[in-house]
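The values are calculated or read from the model by the stated rules, or taken from the named source; none is laboratory data. Since the model is a prediction, treat every value here as computed from it, not as a measurement. Every residue, glycine as well, gets a Cβ built from its backbone with ideal geometry; the counts of neighbours run over all protein chains shown.
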Amino acid sequence: MTAKAFDQGLFQEHVELLRLFLTRREEIVERIESLLNAQRKPVQYLQDRPLLSRHFEDCFFARPTVTEAQTHLRSQLEEAHWAAGFRPRQVHHVFNDLIHPAEMMIRAFHCWQQTRWPGGNGRTHYANTLFGLYLIRRLEFLSMRIWDENPANAGGRLAEIQAVLDELRRYSPANQPPIVRNARWLIPLAQSPITDELAPYLEVARQVTDALPKEDSLEIWKAHVRMLGGHLTSQIRYYCTKDSVAMDDASVVVRTRTSNALDFALLLQGLVELLKAYDRALESGDERLRLEMAGAICQGISPDPELFINRVEMLGAYTMMEHVFIARDRDGHAAYSPLGQRHVQLLKDYDGLIHRLAGALRDDAPRFRPVEGCCSPYGVLFGTPANLLEHMGLKALEHDAETRFSVEDSFGDGDLNGEKLAWVNGWRNLPHIDPEVQRMYDYPQQFAEEIYARIEHELRQQDSKETGRLYITSGAESESDSEVPEIPEPPARYFGSSDKQIVAAHKAEPYGREQLLRDRQEGHFLVSYETSGGWVALKKNLLAEVIGAGQDAKIAGLPPDAAQVLRLMCPGL
């Protein structure tokens, strides 16, 4: 399914619709408040997301608020986003979507059931919050349509979205949180849910770099790199807490590197742009830009500073996704796809930039060392960036909730008075949340300091790591012809297969076909290929446990096509 292109006329219709909502805010909020007056409704109603979603949108699309001609715009943005490859995956026991007022209503109802249902003023207060969240959701969708029809107009369309966002903030009641201030941050926010398709993210990355004015492109990449860095360090914190291990434990390192191919690939692309801007700032003496870029770069490399600073030759293999970056040339041979060609060039660019600029980064990094009593972005914990908006939206249940900060402030490096720390710690400080759960998510000062310490250590230890080499032969090549030294082949545990004969021959560990294909889609393997009895895959664990340990590895006996794919998947090894 492909997304319907938004020509200038259709884009403008959606902008005008949002402005109409703003002019009719009072009557829409009144309808939402009526929906929130639901204390006598059955529990099933209070938890019925599809029904609540429909009723909530009715508050906006009721006549005479909109015309008959405008009603067709109701689901158009969402459908276009899903059709472009960003349909959220169904995740067991986890809400996985952009900020959604119906979900926020369910959470508010749960809170009020545990405490007390608010009166009219309290309901109106939260109705205003939901109004704002709904417009932000639609603006997120709209931000992903700025390249449709004519990418050359993308900058102008983004400016129109910024104007609507400014109007939303300007005319909101004083006790409402701003949530998002910068329209350029909407683009990475719109990509935060977990999806099944990976290539669309890389297509958007290309458009951000190629189609937007440099100032817009750089701000989007700064936002995206900071969000990705925060998401991945939060993931590390979860692994460490769950398994009671240190962040440098081998299990955490392997899991982080092997399960985040897309996030690492996007980080790479963003870091290239930030490093270029950092380089320009060093040359021009622009201290503000230099420190702004340095802070974002440090957060970008924070999930794995060893890999991003001193193991760049391995970064290529970790960021490669076979079904995205490998295609067939005219003769049917394995070759890089256009996205793959672009990615390999970015790897070369990044290698040169990080090695040349690591010294300057080492000098600037101490400015971002976490300080006791203040909030560092290294300690802000969240699942996906959309969760941050959910935290702020739910905290708005309280009339005295902080209204000075927005999502951009979650990733800022300054917090001189500790006010931002109190804001972040307050997200989960609600009367219906168990105090033990609140303590579990308190700002982790020690963790933030350890994240920073790893960055500083790797910047000082530049080029100190030894990396093994990967030797590849196919079944059509003899060992004598291939000039491969005498190196033992990796144990069967590095291979997974759904082919029972291969498993019975102790050449691979058993791996269910459906799971293998899902993990292939996620970029977990160095190479995978189909046999007469199933599939075989070489796991990326080999990189950390063998190649990264300074040992050489030999992969022999692959089908010729698979051998060529593996060579393409491991640039630099």
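Conditions tested, residue by residue: (1) in contact (Cβ under 8 Å) with a residue 40 or more places away in the chain; (2) over 30 Å from Leu202 (Cβ atoms); (3) in contact with a Lys or Arg (Cβ under 9 Å, 6 or more places away or on another chain).
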position: Leu18; (1), (2), (3): yes, no, yes
position: Phe21; (1), (2), (3): yes, yes, yes
position: Glu26; (1), (2), (3): no, yes, no
position: Leu46; (1), (2), (3): yes, yes, no
position: Ala69; (1), (2), (3): no, yes, no
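Quick grid of which residues meet (1) touching a residue at least 60 places away in the same chain (Cβ under 8 Å); (2) in contact with a Leu (Cβ under 7 Å, 6 or more places away or on another chain); (3) assigned to a helix (DSSP H, G or I); (4) closer than 30 Å to Asn310 by Cα:
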{"site": "Ile487", "(1), (2), (3), (4)": "yes, no, no, yes"}
{"site": "Gly496", "(1), (2), (3), (4)": "no, yes, no, yes"}
{"site": "Val527", "(1), (2), (3), (4)": "yes, yes, no, yes"}
{"site": "Glu530", "(1), (2), (3), (4)": "no, no, no, no"}
{"site": "Ala544", "(1), (2), (3), (4)": "yes, no, yes, yes"}
{"site": "Ala556", "(1), (2), (3), (4)": "yes, no, no, yes"}
{"site": "Val565", "(1), (2), (3), (4)": "yes, no, yes, yes"}
Can you give me the number of residues within the stretch 155-177 that are more than 22 Å from the chain's Cα centre (by Cα) and either touching a residue at least 60 places away in the same chain (Cβ under 8 Å) or closer than 18 Å to Tyr126 by Cβ (or both)?
14
If we keep only residues of the stretch 59-96 that are among the hydroxyl-bearing types (Ser, Thr, Tyr) and surrounded by fewer than 16 Cβ atoms within 10 Å (Cβ to Cβ), then the residue nearest to Thr384 (Cα to Cα) is Ser75
Please state which one of Gln515, Gln461 is under 31 Å from the mean Cα position of the chain (by Cα) and at pLDDT below 95.
Gln461
Answer yes or no: is there a residue in the stretch 282-290 that is surrounded by fewer than 23 Cβ atoms within 10 Å (Cβ to Cβ), outside any helix (DSSP H, G or I) and at pLDDT 95 or above.
yes
Which one is nearest to Thr124 (Cα to Cα) among residues in the stretch 1-60 that are under 31 Å from the mean Cα position of the chain (by Cα) and of a type in the set (S, T, N, Q)?
Ser53
Considering only the stretch 314-322, I want to know if a residue exists there that is farther than 30 Å from Arg290 by Cβ, touching a residue at least 12 places away in the same chain (Cβ under 8 Å) and assigned to a helix (DSSP H, G or I).
yes
Looking for something in contact with a Leu (Cβ under 9 Å, 6 or more places away or on another chain), of a type in the set (Asp, Glu) and within 25 Å of Asp263 (Cβ to Cβ) - is there at least one such residue anywhere in the stretch 508-520?
no
When residues of the stretch 335-370 are filtered for being in a loop (DSSP other than H, G, I, E, B) and touching a residue at least 24 places away in the same chain (Cβ under 8 Å), how many remain?
2
Helices (runs of 4 or more DSSP H) (entirely within the stretch 152-212) containing at least 3 residues that are under 21 Å from His14 (Cα atoms):
154-170, 186-190
Residue by residue through the stretch 312-341, note down the ones that are charged (D, E, K, R) and in contact with a helix residue (DSSP H, G or I) (Cβ under 7 Å, 6 or more places away or on another chain).
Glu322
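On the given criteria, is Lys242 of a type in the set (Lys, Arg) and either surrounded by fewer than 17 Cβ atoms within 10 Å (Cβ to Cβ) or at pLDDT below 95 (or both)?
yes
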One residue from Arg237, Arg255 being surrounded by fewer than 23 Cβ atoms within 10 Å (Cβ to Cβ) and touching a Leu at 6+ places or on another chain (Cβ under 7 Å)
Arg237
For the stretch 88-95, does any single residue satisfy the condition of being in a helix (DSSP H, G or I) and in the same structural domain as Gln39 (by TED's automatic domain parsing)?
no
Can you name every residue in the stretch 26-50 that is surrounded by 14 or more Cβ atoms within 10 Å (Cβ to Cβ), among the hydrophobic types (A, V, I, L, M, F, W, C) and part of a helix (DSSP H, G or I)?
Ile28, Val29, Ile32, Leu35, Leu36, Leu46
